[in-house]
Amino acid sequence: NSLGNGIKSTGENEYEVPKAEIDKTLSNLNDVAMQARIVPAFKDGQAVGFKLFSIRPDSIYSKIGVQNGDVIRRINGFDMNSPEKVLEIYSKLKDSSRIEIEIERNGAPIRKSYNVR
């Protein structure tokens, strides 16, 4: 019963996610946290997001297209620069019909979009 089973890639950076998967993921945040090492990322002394390492191959991160070394900078336009922000974002994701994640990979920005069905 792993997380992210119903997620489908519909384009290079476009995905479809069943609403049930969002609910399941948000109610299993401990599992989500265990599927990768997540550390704050800093640029010029400022927190700019969260960097992911040691992502498990079958994890929710792999299924949504996140790779080792990626920095998650924004979700739905919200800066990911503090743990408090992250919690705020999680509460908003519950009702989103579209989720956009801004990632920095090797210094280049990537935007991934997820349509919730």
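The values are calculated or read from the model by the stated rules, or taken from the named source; none is laboratory data. All values derive from a computational prediction rather than experimental measurement. Here Cβ is always computed from backbone atoms with ideal geometry, including for glycine, and neighbour counts include all displayed protein chains. Ligands, DNA and RNA are excluded from the accessible area calculation, which covers all protein heavy atoms including side chains. Shrake-Rupley method; radii C 1.70, N 1.55, O 1.52, S 1.80 Å.
Brief remarks on what is shown
- Within region 19-38, the set of residues being in contact (Cβ under 8 Å) with a residue 12 or more places away in the chain, open to solvent by 40 Å² or more (accessible area, probe 1.4 Å) and under 18 Å from Ile75 (Cα atoms) comprises Lys19, Asp23, Leu29, Ile38.
- Failed criterion for Asp95 (all others in (1) on the phi < 0 side of the Ramachandran plot; (2) surrounded by fewer than 15 Cβ atoms within 10 Å (Cβ to Cβ); (3) at pLDDT below 95; (4) touching an Asp or Glu at 6+ places or on another chain (Cβ under 9 Å) hold): (4)
- For Ile110, the requirement of being open to solvent by less than 30 Å² (accessible area, probe 1.4 Å), of a type in the set (Val, Ile, Thr), touching a strand residue (DSSP E or B) at 6+ places or on another chain (Cβ under 8 Å) and assigned to a strand (DSSP E or B) is not met.
- Filter result for the condition that a residue is under 24 Å from Arg117 (Cβ atoms), open to solvent by less than 70 Å² (accessible area, probe 1.4 Å) and not acidic (Asp, Glu), over Ile55, Ile89: Ile89
This table checks each residue for (1) outside any helix (DSSP H, G or I); (2) not β-branched (Val, Ile, Thr).
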| residue | (1), (2) |
| --- | --- |
| Lys24 | no, yes |
| Asp31 | no, yes |
| Ile72 | yes, no |
| Asn81 | yes, yes |
| Glu84 | no, yes |
| Ile99 | yes, no |
| Glu104 | yes, yes |
| Asn115 | yes, yes |
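- The lone exception for Gly69 - which of (1) at pLDDT below 95; (2) of a type in the set (Gly, Ala, Ser); (3) surrounded by fewer than 18 Cβ atoms within 10 Å (Cβ to Cβ) it fails: (1)
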